[in-house]
1. Suppose the filter is more than 21 Å from LYS29 (Cβ to Cβ), surrounded by fewer than 20 Cβ atoms within 10 Å (Cβ to Cβ), over 23 Å from the mean Cα position of the chain (by Cα) and in contact (Cβ under 8 Å) with a residue 40 or more places away in the chain; does ALA395 pass it?
2. I'm trying to understand the selection: among the residues of the range 497-515, which are more than 21 Å from HIS415 (Cα to Cα) and touching a residue at least 60 places away in the same chain (Cβ under 8 Å)?
3. PHE203 - would you say it is within 13 Å of the ligand (Cβ to nearest atom) and in a strand (DSSP E or B)?
4. Go over the candidates ALA364, ALA375 one by one and state the one that is away from the ligand (no atom under 15 Å from the Cβ) and aliphatic (A, V, I, L, M).
5. Does LEU294 fit the bill of being within 13 Å of the ligand (Cβ to nearest atom) and either more than 22 Å from LYS486 (Cβ to Cβ) or in contact with a helix residue (DSSP H, G or I) (Cβ under 9 Å, 6 or more places away or on another chain) (or both)?
6. Do you know which residues across the range 288-303 are without any contact (Cβ under 8 Å) to a residue 40 or more places away in the chain and not basic (Lys, Arg)?
7. Somewhere in the range 464-479, is a residue surrounded by fewer than 19 Cβ atoms within 10 Å (Cβ to Cβ), in contact (Cβ under 8 Å) with a residue 60 or more places away in the chain, out of contact with any helix residue (DSSP H, G or I) (no Cβ under 6 Å at 6 or more places or on another chain) and not in a helix (DSSP H, G or I)?
8. Name every residue in the range 274-283 that is outside any helix (DSSP H, G or I) and touching a residue at least 40 places away in the same chain (Cβ under 8 Å), in order of residue number.
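Derivation of every value follows stated rules applied to the coordinates shown; laboratory data play no part. Fair warning: this is a prediction, and the values are worked out from it, not measured in the lab. Don't worry about glycine lacking a Cβ; one is built from the backbone with ideal geometry, like all the others, and counts go over all protein chains shown.
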Amino acid sequence: MQTDYEVLVIGAGVAGICQIKKLQDMGLKALVLEAGGGLGGTWYNNRYPGCRFDSESYTYGFKFSRDLLDAWHWKELFSPQPENLKYLNFVADKFDLHKHIRLNAAVAKMVWDEAARLWTVTLHGGDQLTSRFVITCTGALGVPTMPAYEGMDDFEGPSFHSYHWPHEPLDLTGKRVGVIGTGASGIQIIADIADKVGALTVFQRRPNWSVPLNNRPITEAEMKDIRQRYEEIFAVCAKSNGGFDHLPDRRAYDSVSTDERRKLWDQLYDAPGFALLLANFRETFLEPQANRDLSDYVAERIRARVNDPAVAEKLIPRDHGFGMRRMPMETGYFEAYNQDNVRLVSLLDTPIERVTKTGLQTSAESFEFDVLVYATGFDAMTGAFDQIDIRGVDAQPLKKKWQGSPTTYLGVMVHGFPNMLMVAGPQSVSGSTNYPRAIEVCVDWIGDLLEHARSAGVSRLEAGENAEAAWTQEVIALQEAMPFSKVKSWFTGFNANVQAADAAPRYIAYWGGAPRYTKTLNQVSSEGFRDINMD
Ligand code: NA7
């Protein structure tokens, strides 16, 4: 049966842009449906002050085109949001992709038609499109979650989630600002606005470990050198479990003296990006004692940076070791608390009771604000799928199949949902690594699969049930073996605004590392995709 498109892609963020470029190169009739008013996904939506990469910029750009690598100059080691959005638009301009992207097109429903072997995709607003394949590129962290405090609608000033920071300029000069949440977003916001606002009050529930980003500009000369070394840089990323330009120190932890370890940690603390996490001894992540030693070291660094010892103690995590949750990176975050206009309120001591017309009320005190910011996180990995009514074989809802925790084949396909492919899907390696590096691997693999299907003359692809069960089991076993598996965070599929406090762990990401993930995908394709039923 004829379809409107051979492939519909959902989402025009980093993954969707990469995917549509691939589909154009393959000569397939494809369209991207993007809910937002512009392309860019995360980098279109997150407009909060201080928003920037934690990945080295030159490892975040696409590597599929040498021309593109040569044409773009990353201006900072960790590029800020406006520049990142500019980059993604530059990519779309360069490869003439805009005409394949339909904006303001939020998908409400997609239904598999077994007889016709196609997906019918319905947009909010009612438009319907049919397609042989659907590729979801809906991102890891695109569904913001809000707390459920009483009175939130009563607040009379501007109040919003960090993801919905207004696109038009918001002048905070002299304003009294409250920020709730100290994850990666909150920490970037707080450090950036502390010296611009009149007064800043930070409401912290569980503190997070955080170390300096050590950002700096990239000069013309340095960029020239980076361009010459791209191959080498990407080769390091491919070897790194996290897909970053950092490799672990292979020496055994116990073979190195305390002084020497300290010397290394001092160096890594002052090095760019995730160095202290990823270029460290592997035991600091895997072994309890080594992790405690490193946590003590970082706590000491925090104490040295915060003038008031009582505030410093509140900023040091006690419920998890260093690196056991997604670590925010900071620039002057701890020093912000040394300013007279900045105050830290620990919600562990004095919880928020309600939001009021003019501020909020904790169990101890009432606060007045002009602006209230909720940096309260996301319904990670599966949230975007839950927002679409996805119906597979026999009208089975995906939401129902994934109740509790998702199950997938390689994080790319789902049994019972034929011809639906996922880039950066749950249980892929994308959520746990340098995002675009994993995306490009996945986009290429999906390209090979579609090519394979085309040349074999098949129009229906479905992951085998046993293969899906085996993959999900592997994902669960890998997570359970990780020291952080008992720590509640979005890494372990937990968000207190979505799940009950005693909810069972969820398995939303693959923790076997990027090299092993890539090897598995390559093996599956070299064996002719044998666990995927095709006809
Ligand atoms: P995160 O890292 O999930 O952080 C959310 C923060 O918001 C975290 O400090 C939470 O405290 C806090 N939070 C969440 N709900 C509440 C309520 N109800 N009351 C008070 N505080 C709350 O999200 P981010 O946006 O910062 O970062 C997301 C990712 O973006 C990051 O991991 C990078 O990949 C980039 P909690 O820890 O739950 O006590």
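1. When the stated conditions are applied, ALA395 passes them.
2. Within the range 497-515, ASN497, VAL498, ALA504, PRO505, TRP511, GLY512, GLY513, ALA514, PRO515 qualify.
3. So PHE203 passes the test.
4. ALA364
5. no
6. GLN289, ALA290, ASP293, LEU294, ASP296, TYR297, ALA299, GLU300, ILE302
7. Checked against the condition, which is being surrounded by fewer than 19 Cβ atoms within 10 Å (Cβ to Cβ), in contact (Cβ under 8 Å) with a residue 60 or more places away in the chain, out of contact with any helix residue (DSSP H, G or I) (no Cβ under 6 Å at 6 or more places or on another chain) and not in a helix (DSSP H, G or I), the range 464-479 yields at least one hit.
8. The one that is outside any helix (DSSP H, G or I) and touching a residue at least 40 places away in the same chain (Cβ under 8 Å): PHE274.
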